[in-house]
Amino acid sequence: MAAPTVLVIGAGPAGLAAALSLRARGVAVTLLEAEEQGRVRPGSRALFVHRDSLRLLEAASPGLGTAIARYGLVWRVRRTLYRGRQLFERTYPEPLLGRMPAFTSLRQVDTERFLLQACTAAEVQIVWGSRVESVSASSEGVTVRAADGSRWSAAYVIGADGARSTARRATGIAVSGPPVDAFHVVIDVEADEGSPLLRERTFHYRHPGLGGRNVLLVPFTGGFQVDVQCRPDDSPADWGSEEGARRWLRLVVDDSDAGPIRWASTYRFLRVVADQFTDVHRRVLLIGEAAHLFPPFGARGMNSGFADAAVAASAVAEAFRAGTERERAALIGRFAEVRHGAALRNAAATERVLAHLMPGPGGRIRQAAAAVLNPVLPACGRWMESAPYGAAAGPADPSGMTRGRY
Ligand SMILES: Cc1cc2nc3c(=O)[nH]c(=O)nc-3n(C[C@H](O)[C@H](O)[C@H](O)COP(=O)(O)OP(=O)(O)OC[C@H]3O[C@@H](n4cnc5c(N)ncnc54)[C@H](O)[C@@H]3O)c2cc1C
């Protein structure tokens, strides 16, 4: 058997979490990251770290889940409006002291900062500025070459190198998912601790100030994110620029509650899943956005990346203890099967979200009827509240390898 060394490609949240999970199992790991140390990743991006993820991170590095939970914001009010009229409001109790909250909300760059600190403490070797260009696997192990001329050998490679994954392309694994026309604009707005906008998550169906576009406001530590569902014929340059955002933001929130805009970007509602999560030799494991892309509604992107990381690390650590190549391959194959299944369930959940956010004529009538009936049938408001995020309970993991919903 090849030397028990694991290479992780990519220091995003999935790669950092995989490195920590491997170290927690006593496996030596080297992480190769294309960008330079100290890079500043733009924007708030993935905000929610759910309780399942906090627990996985706590298990990988004691204190990490708790530190992220403490830094993040736990807002307690959810509101849903339809054409400016409130349909649903619920206030949740304070999280119990000493228990992980149901979720916490912080900028992805802050989550990554905590992960990076934990990796340093766990003696993960991180090689910055090392862009992997080729990954070549055999039944003996994997050889990786980087743009700086360095060459690495490992028993296993975990490809956590994001949506344009070199690990995935080099192993000939294809991705599938439907094309998407419409786009969303997402902006970050700074806000003082006292701002009422930091106390609640609000979803507006057909916001009257924005010509009936759907608008989501989500607070995080230090500010809030606004997501506007644009129309196919809207101009991304108009809606997605900071100047454009300044024009429409004042139609959504009071100027006095909001500080400066810190980031503006656009994205498409992609649902893409890799056809396989491992190569034919069972030596390269794909996790995070290297394996799947989900839209942000439902917070499945980063959270499912954490679940992938934990299952991949467990499979690799067990493979090192296995007696035969056949057993080793079966363990990695099981990782791929379980996480591919989870990704397909996540993709199906986002498909249902999309049908709700971009309804056909029948769906539009159902939503309008729910808004009218809500005063006498509050279940209508509850449906309108939960539908934009996918199934409330989320897709279960029948394998039991992660207890979580992602
Ligand atoms: C503009 C933008 C906005 C987003 N907004 C939201 C949002 O509002 N809500 C939400 O939930 N999610 C959002 N996301 C998605 C979220 O950021 C991802 O789910 C998350 O980053 C995935 O983590 P990851 O570790 O799988 O991949 P990434 O975070 O992409 O990390 C991959 C890492 O691999 C490195 N890398 C890439 N190629 C190589 C290579 N060849 N060699 C070595 N290293 C390499 C990259 O530099 C990077 O550090 C957004 C993403 C983007 C890009």
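All of the numbers you see were taken from the coordinates with simple rules; none came from a lab. Predicted, not measured: the structure shown is a model, and the values here were computed from it. Methodologically, a virtual Cβ is constructed for each residue, glycine included, from the backbone with ideal geometry; neighbour enumeration extends over all protein chains shown.
Using 0.36 nm per residue and subtracting the Cα-Cα separation, the extra length available between Met358 and Glu94 on full extension is 91.6 nm.
For the pair His281 and Glu133 in one chain, pulling the backbone fully straight at 0.36 nm per residue adds 51.3 nm over the alpha carbon distance.
By DSSP, the beta bridges lying fully in the chain are antiparallel in about 70 percent of cases.
How big is segment 10-136 by the Kirkwood estimate over distinct Cα pairs, in Å? The answer is 16.3 Å.
Which of the GluC sites (Glu not before Pro) found in segment 19-92 are in a DSSP loop and have at most 15 neighbouring Cβ atoms, other than their own, within 10 Å?
Passing sites in segment 19-92 are Glu35, Glu36.
The angle between the Cα long axis of helix 13-24 and the main principal axis of the chain comes to about 50°, on a 0 to 90 degree scale. Relative to the longest principal axis of the Cα atoms of the chain, helix 361-373 runs at roughly 60 degrees. Database remark: amide H of Arg213 closer than 5 angstrom to the amide H of His207 (H placed geometrically; neighbours at sequence offset of 5 or more, or on other chains; Pro and chain starts carry no H). Restricting the calculation to alpha carbons of segment 247-406 gives Rg and Dmax of 20.6, 66 angstrom.
For a quick check of your reading of the filter: which trypsin sites (Lys or Arg not before Pro) in segment 161-233 sit in a DSSP loop and have no more than 16 other Cβ atoms within 10 Å?
On the way: sites: Arg164, Arg168, Arg169, Arg199, Arg201, Arg206, Arg213; in loops: Arg164, Arg199.
Of the trypsin sites (Lys or Arg not before Pro), the ones in loops of segment 161-233 whose Cβ has at most 16 other Cβ atoms within 10 Å are Arg164, Arg199.
Inverting the pair-averaged 1/r between distinct Cα atoms of segment 267-362 gives 14.3 Å as its Kirkwood hydrodynamic radius. Taking label positions 7 Å along the Cα-Cβ direction at both Glu351 and Gln125, the computed distance is 4.4 nm, reported to one decimal. Classify segment 168-215 as rounded, prolate or oblate, taking a ≥ b ≥ c as the square roots of the eigenvalues of its Cα gyration tensor: rounded when a/c is under 1.5, otherwise prolate if a/b is larger than b/c and oblate if not. Oblate shape, in that a/c is at least 1.5 and b/c is the bigger or equal ratio. Gyration tensor analysis over the Cα atoms of segment 183-268 returns equivalent ellipsoid semi-axes of 20, 13, 11 Å (largest first, whole Å).
Please check: in the Gaussian network model of the chain (C-alpha springs, under 10 Å), which one of Asp233, Asp279, Asp110 has the largest mean-square fluctuation. Per the Cα network of the chain with a 10 Å cutoff, Asp233 tops the list. Quick check for you: which residues of segment 213-227 have the amide N under 20 Å from the point 7 Å beyond the Cα of Gln86 toward its beta carbon? The answer is 215-219. Using the Karplus relation 6.51 cos²θ - 1.76 cosθ + 1.60 with θ = phi - 60°, the per-residue 3J(HN,Hα) values for segment 299-304 come to 6, 8, x, 5, 5, 6 Hz, with x marking Gly and Pro. What residue among Ala369, Ala59, Ala343 shows peak mean-square fluctuation when the chain is described by a Gaussian network model with Cα springs under 10 Å? Highest fluctuation of the listed residues: Ala369. Decide, for segment 1-54, between rounded, prolate and oblate: order the square roots of the alpha carbon gyration tensor eigenvalues as a ≥ b ≥ c, take rounded if a/c falls under 1.5, and otherwise choose prolate if a/b is larger than b/c, else oblate. It is oblate, given that a/c is not under 1.5 and a/b is not larger than b/c. Remark on Gly223: its backbone amide H falls under 5 Å from those of Ala191, a criterion applied only to residues 5 or more positions apart or on other chains, H modelled at 1.01 Å from N. I want to make sure I understand the PRE zone here: with the label point 7 angstrom from the Cα of Arg25 toward its beta carbon, which residues in segment 302-326 have backbone N atoms less than 20 Å away? Counting backbone N atoms under 20 Å from the label point, the list is 303-326.
In the chain, the C-alpha radius of gyration followed by the widest Cα-Cα span (Dmax) gives 21.7, 69 angstrom.
Please give the helix 108-121 orientation as an angle from the longest Cα principal axis of the chain, in degrees from 0 to 90, rounded to the nearest 10. For 108-121 against the chain, the angle is about 30 degrees. Taken one residue at a time, the phi angles of segment 80-93 give Karplus couplings (6.51, -1.76, 1.60, θ = phi - 60°) of 10, 10, 10, 6, x, 9, 6, 10, 8, 8, 9, 10, 9, x Hz. Gly and Pro are set to x. Placing a pseudo-label 7 Å from each Cα along the Cα-to-Cβ vector at Ser153 and Ala67 gives an inter-label distance of 3.6 nm.
For Val175, the residues whose modelled amide H falls within less than 5 Å of its own, excluding neighbours fewer than 5 places apart on the same chain, are Asp275. What is segment 102-174 by shape, rounded, prolate or oblate, if you read a ≥ b ≥ c off the alpha carbon gyration tensor as root eigenvalues and call it rounded for a/c under 1.5, prolate for a/b larger than b/c, and oblate otherwise? Because a/c hits 1.5 or more and a/b exceeds b/c, segment 102-174 counts as prolate. Length gained on full extension, Ala182 to Leu373: 65.8 nm, using 0.36 nm per residue less the C-alpha separation.
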